[in-house]
Amino acid sequence: MEDGNAVHRLDFAVKHEFSSTTRGIEIDVTFDGGARVKAKIDTGAEFCVFQADVASMLELKLDEGEEREFSLANGGKFKAYGHSLRFWTLESEFDSVIYFSEEINRNVLGRNGWLNKVRVAFVDHDCLVYLSNHGG
């Protein structure tokens, strides 16, 4: 049985302040090749999905990626194409499959490819994100 008064501490490499006026928690993502965009952190998204224009910026042929159908919370569906890429967020480097779609209007960092590779904490009241690579 755990002590209800126990204090638990985590250490993080990066502390990042996000804007309280932007809808959602948005951070910069820089792809190998220099393309830099904003993406929302979405703990409910299964994968990282970006708009098709980001694929164009990276000179990727959208439909040459791994095709996958995604479901939305409202019951809708959309098609996206996965490409293995290197990118950076909040001073950390990642190699992940990023999906691109012409059918969405935002960039999302989801569980597979980003959240499962980091240790992250949010303090919404203070508009802060704390982040470290999964290993330390």
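The values are calculated or read from the model by the stated rules, or taken from the named source; none is laboratory data. Keep in mind that what you see is a predicted model, and the values were worked out from it rather than measured. Here the Cβ is made from the backbone with ideal geometry for all residues, glycine too, and neighbour counts use every protein chain on show.
Can you name every one of the strands (runs of 3 or more DSSP E) wholly within segment 1-54 that holds 1 or more residues which are out of contact with any helix residue (DSSP H, G or I) (no Cβ under 9 Å at 6 or more places or on another chain) and of a type in the set (S, T, N, Q)?
Answer list for segment 1-54: 26-31, 49-51.
Considering Ala35, Ala39, Ala55, which residue is small (Gly, Ala, Ser), within 18 Å of Lys117 (Cα to Cα) and either surrounded by 12 or more Cβ atoms within 10 Å (Cβ to Cβ) or touching a residue at least 12 places away in the same chain (Cβ under 8 Å) (or both)?
Ala39
All but one of (1) at pLDDT 95 or above; (2) surrounded by fewer than 18 Cβ atoms within 10 Å (Cβ to Cβ); (3) under 19 Å from Arg111 (Cα atoms) hold for Val29; which doesn't?
(2)
Mind checking which strands (runs of 3 or more DSSP E) fall wholly inside segment 78-136 and carry at least 1 residues that are under 13 Å from Val49 (Cα atoms), modelled with pLDDT of 95 or more and over 13 Å from the mean Cα position of the chain (by Cα)?
Where strands (runs of 3 or more DSSP E) fall fully within segment 78-136 and carry at least 1 residues being under 13 Å from Val49 (Cα atoms), modelled with pLDDT of 95 or more and over 13 Å from the mean Cα position of the chain (by Cα), they are 92-101.
Every residue in segment 58-67 that is over 18 Å from the mean Cα position of the chain (by Cα) and surrounded by 13 or more Cβ atoms within 10 Å (Cβ to Cβ), please.
Leu60, Leu62, Gly65
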